[in-house]
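A short worksheet on the structure shown next.
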């Protein structure tokens with residue numbers, strides 16, 4: 001079963017999609033999916049949609065929302081910040097964990113790029129979280145990339161920059177500083193999570209270099225934090241063979257750690 005759902009977070013209505021397996025059980029393992037910067041709940045080449053449907057066939061539910069200002073959710077993209085998306089990600093996880101069909105012993109999160117960064121930050125404090133799957137997580141780039149953009153791109157009369165047809169406001173730039181004051185080193189914060197971790201990275205990723213994934217694995221510092229490098233893949237896993245490997249590895253990991 002797939003249906004549209006809504007969630008109110010700090011005055012904004014976030015719009016998403018809920019996938020519940022058709023099997024005759026009362027509760028299922030569940031995954032919350034977080035999209036990347038300028039992305040949406042489907043992700044490029046519909047990767048999230050495909051992953052949700054494959055998970056459902058395996059008896060695993062999922063929920064995927066557009067962050068505020070993205071996709072079909074309320075708000076303007078220019079008002080989104082790093083901290084607003086962290087708050088929304090936490091609210092989405094809480095929403096998932098309270099679903100009557102969600103098994104509280106088998107809860108997972110998954111994110112791509114900035115969504116992977118956000119997943120890694122909320123994981124240590126997410127109650128009963130079993131595991132996290134991080135696709136090319138922008139741990140360093142989520143802070144440094146925007147800083148570089150702000151310094152190099154011209155600003156309009158609203159003190160915003162034109163980001164490929166989207167207006168990005170000053171708020172995100174400023175939220176980077178607040179983030180560092182609240183959380184410190186993002187790698188260290190991510191490493192506080194004691195659950196199961198799978199990092200998947202493209203070997204030819206030029207947006208978030210594979211060295212970021214390797215560094216994050218070192219910070220986790222335990223055998224249960226896995227790093228899968230997909231040969232030749234770019235940041236968006238934009239060929240069929242890369243996308244198939246990405247989703248297959250993700251689904252296998254979640255199935256492995258589900259306790260039925």
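Every read-out reported here was derived from the displayed coordinates using simple, explicitly stated rules and does not represent laboratory data. On a predicted model such as this, the values are computed, not experimentally measured, just so you know. Neighbour counts are summed over all protein chains in view; Cβ atoms, including those assigned to glycine, are modelled from backbone coordinates with ideal geometry.
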| request: With respect to residue 219, determine if the residue is more than 30 Å from residue 101 (Cβ to Cβ) and more than 16 Å from the chain's Cα centre (by Cα). | output: yes
| For the subset of region 24-48 comprising residues that are within 14 Å of the chain's Cα centre (by Cα) and assigned to a helix (DSSP H, G or I), which member is surrounded by the most Cβ atoms within 10 Å (Cβ to Cβ)? | 48
| Of everything in region 215-240 that's in contact with a strand residue (DSSP E or B) (Cβ under 8 Å, 6 or more places away or on another chain) and within 16 Å of residue 132 (Cα to Cα), which residue is surrounded by the most Cβ atoms within 10 Å (Cβ to Cβ)? | 216
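Please go through region 124-138 and give me each residue that is crowded, with 24+ Cβ neighbours inside 10 Å and more than 15 Å from residue 210 (Cα to Cα), ordered by number. First the steps, then the outcome.
Going through region 124-138, the residues crowded, with 24+ Cβ neighbours inside 10 Å turn out to be 132-138.
Within region 124-138, 132, 133 meet the criteria.
When region 148-162 is examined, which residues are found to be out of contact with any helix residue (DSSP H, G or I) (no Cβ under 7 Å at 6 or more places or on another chain) and in contact (Cβ under 8 Å) with a residue 24 or more places away in the chain?
So in region 148-162, the residues out of contact with any helix residue (DSSP H, G or I) (no Cβ under 7 Å at 6 or more places or on another chain) come out as 148-149, 151-158, 162.
Scanning region 148-162 gives a single hit, 158.
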| Which listed residue is buried (at least 21 other Cβ atoms within 10 Å of the Cβ), assigned to a loop (DSSP other than H, G, I, E, B) and in contact with a helix residue (DSSP H, G or I) (Cβ under 7 Å, 6 or more places away or on another chain), from 70, 62 | 70
| said: Could you tell me how many of the residues in region 250-260 are out of contact with any helix residue (DSSP H, G or I) (no Cβ under 9 Å at 6 or more places or on another chain) and part of a helix (DSSP H, G or I)? | reply: 4
| request: Among the numbered conditions (1) part of a helix (DSSP H, G or I); (2) surrounded by fewer than 17 Cβ atoms within 10 Å (Cβ to Cβ), tell me where residue 121 comes up short. | output: (2)
| request: Name every residue in region 206-249 that is more than 21 Å from residue 142 (Cα to Cα) and assigned to a helix (DSSP H, G or I), in order of residue number. | output: 240, 241, 242, 243, 244, 245, 246, 247, 248, 249
| task | Among the numbered conditions (1) out of contact with any helix residue (DSSP H, G or I) (no Cβ under 8 Å at 6 or more places or on another chain); (2) surrounded by fewer than 18 Cβ atoms within 10 Å (Cβ to Cβ); (3) closer than 29 Å to residue 252 by Cα, tell me where residue 56 comes up short. | result | (2)
| task | For region 183-198, enumerate the residues that are surrounded by fewer than 19 Cβ atoms within 10 Å (Cβ to Cβ) and part of a helix (DSSP H, G or I). | result | 183, 187, 188
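I'd like the full set of residues that are in a loop (DSSP other than H, G, I, E, B), in contact with a strand residue (DSSP E or B) (Cβ under 8 Å, 6 or more places away or on another chain) and within 26 Å of residue 33 (Cβ to Cβ), limited to region 134-182.
Matches in region 134-182: 136, 137.
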